[in-house]
Amino acid sequence: MTKLYFDNTKGIVLIDGKKSTSPALTDENFAVEFFPYDSDCLPVQHALNKKTASCKDMLCIRHGKDTIIKFLPQRKPVFEEAYIIKQAECNQVKHLLTCKADRCHVAVIETQNEIITLPLPARPDNVSFKIKSFCDGQLLIVKAHTGKKTYIAVLHYNDDYTLLMSAYCDKAQIADNGRIILRDKLYDCMQRTCVRTLKFCNDAFIEESRYFEYECERDFPDELIPYVFLESISCNDDDAIKKFVSYSLREENFHEVFGNFIGICDTVEYVPYKVTLVYADKGFYTKSFCFSLSGGRINFVNCV
């Protein structure tokens, strides 16, 4: 038998597939594995016998039948692949945009003296990079298309980069008047598309207007109206909210009535006109509401 000692081990050691502590008894031939606590380091795996010499990631010091093993795990290589490079110039200042993978996908924008990194939600298929003069500096617009989605970022440059806004949406458009129009498809009963217009104001882009387009605007059966109504509250579609309530409830603040719910809960047993909502405030919990309808409109809501 061979007695093994592990020197300054910061990780988990397996001998022949079993977790071991120092010292450990084993045969002369054995497999050793070391999994560092540091996730940036690679694991160490070797099959050893009495003739095995030290390796680059493991040091073996032998004393007769006993062996001291010191693990020297290598750090994971940094994967950095540049796959899209764009260049734009404005007022004799050149900007270079590089999309690369560095554990995650990023867009790096730089001049000779300044640099900014924008995290991308996924690897883009293509990127547009435009610059124009703006407010004693330059306005840089980045649009990255990832499948059916679009990432857009707007930066201001004046000796340094300042990120003014970024969004991930279904479609983004820069209007002639400098407004940014964002479109987001909501996969709900009405198949809504939220259209937002952003304008530049006080060194930032703010929402100027918002409206909804509907692919499935029709007369819903009464049993579905509470669900469509709650989806309208969730996305702040005030016009649809008023459409589904009686005139006596038009002035009601339903955001206060239902609170900040995060979703509609699927229940095991369906009860008509009863909907359970999910909340997250120091833990998850639910509340149930019963609806009363007349003439296709909600006329009463009660928390049960």
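Odds and ends about this structure:
- Qualifying residue in the stretch 246-266 (condition: in a loop (DSSP other than H, G, I, E, B), in the same structural domain as D170 (by TED's automatic domain parsing) and touching a residue at least 24 places away in the same chain (Cβ under 8 Å)): no
- Unmet requirement for V142, which otherwise passes all of (1) exposed (fewer than 14 other Cβ atoms within 10 Å of the Cβ); (2) at pLDDT 95 or above: (1)
- Which numbered condition Y211 misses (of (1) closer than 26 Å to P124 by Cα; (2) assigned to a strand (DSSP E or B)): (1)
- Restricted to strands (runs of 3 or more DSSP E) entirely inside the stretch 1-96, no element has at least 3 residues that are surrounded by 15 or more Cβ atoms within 10 Å (Cβ to Cβ) and in contact with a Cys (Cβ under 7 Å, 6 or more places away or on another chain).
So that you can scan it fast, the table gives a plain yes or no per residue for (1) touching a residue at least 24 places away in the same chain (Cβ under 8 Å); (2) more than 30 Å from A107 (Cβ to Cβ); (3) touching a helix residue (DSSP H, G or I) at 6+ places or on another chain (Cβ under 8 Å):
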{"position": "F6", "(1), (2), (3)": "yes, yes, no"}
{"position": "G17", "(1), (2), (3)": "no, yes, no"}
{"position": "D66", "(1), (2), (3)": "yes, yes, no"}
{"position": "Y83", "(1), (2), (3)": "yes, no, no"}
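- When V78 is tested against the conditions (1) modelled with pLDDT under 85; (2) over 29 Å from the mean Cα position of the chain (by Cα), the lone failure is (2).
- Within the stretch 209-222, residues that are touching a residue at least 12 places away in the same chain (Cβ under 8 Å) have Cβ atoms under 6 Å from residues that are in a loop (DSSP other than H, G, I, E, B) and surrounded by 14 or more Cβ atoms within 10 Å (Cβ to Cβ) in these pairs: F212/D237; Y214/M190; C216/M190, counting only partners at least 6 apart in sequence or on another chain.
- Residue in the stretch 149-188 that is surrounded by the fewest Cβ atoms within 10 Å (Cβ to Cβ), counting only those that are farther than 18 Å from I109 by Cβ and over 23 Å from the mean Cα position of the chain (by Cα): D176
- Inside the stretch 267-302, residues that are of a type outside the set (A, V, I, L, M, F, W, C) and assigned to a loop (DSSP other than H, G, I, E, B) make up a count of 10.
- Note on the stretch 21-51: residues that are of a type in the set (G, A, S) and closer than 23 Å to R75 by Cα amount to 3.
- Cβ separations smaller than 8 Å between residues 6+ apart or across chains give the following pairs from the stretch 102-124 residues that are without any contact (Cβ under 8 Å) to a residue 24 or more places away in the chain to residues that are of a type in the set (A, V, I, L, M) and outside any strand (DSSP E or B): C104/L120; H105/L120; H105/A122; V106/L120.
- Among (1) assigned by TED's automatic domain parsing to the domain that holds C104; (2) farther than 30 Å from T98 by Cα, the one test that K86 misses: (2)
- Against the test of being under 30 Å from A82 (Cβ atoms) and either assigned by TED's automatic domain parsing to the domain that holds S294 or assigned to a strand (DSSP E or B) (or both), the options T197, T150 yield a single qualifying residue, T150.
- For the stretch 97-111, a residue qualifies if it is assigned to a strand (DSSP E or B) and of a type in the set (D, E, K, R), and the qualifying residues are K100, D102, E110.
- Test: Y157 is in contact (Cβ under 8 Å) with a residue 60 or more places away in the chain and aromatic (F, W, Y): yes
- For the stretch 216-237, taking the residues that are of a type in the set (S, T, Y) and closer than 16 Å to K185 by Cβ, the one that is surrounded by the most Cβ atoms within 10 Å (Cβ to Cβ) is identified as S232.
- The condition of being over 30 Å from D136 (Cβ atoms), touching a strand residue (DSSP E or B) at 6+ places or on another chain (Cβ under 8 Å) and of a type outside the set (S, T, Y) holds for only one of K86, K65, that being K65.
The values are calculated or read from the model by the stated rules, or taken from the named source; none is laboratory data. All values reported here derive from a predicted model rather than from experimental measurement. Positions of Cβ are backbone-derived with ideal geometry, glycine not excepted, and every protein chain shown enters the neighbour counts.
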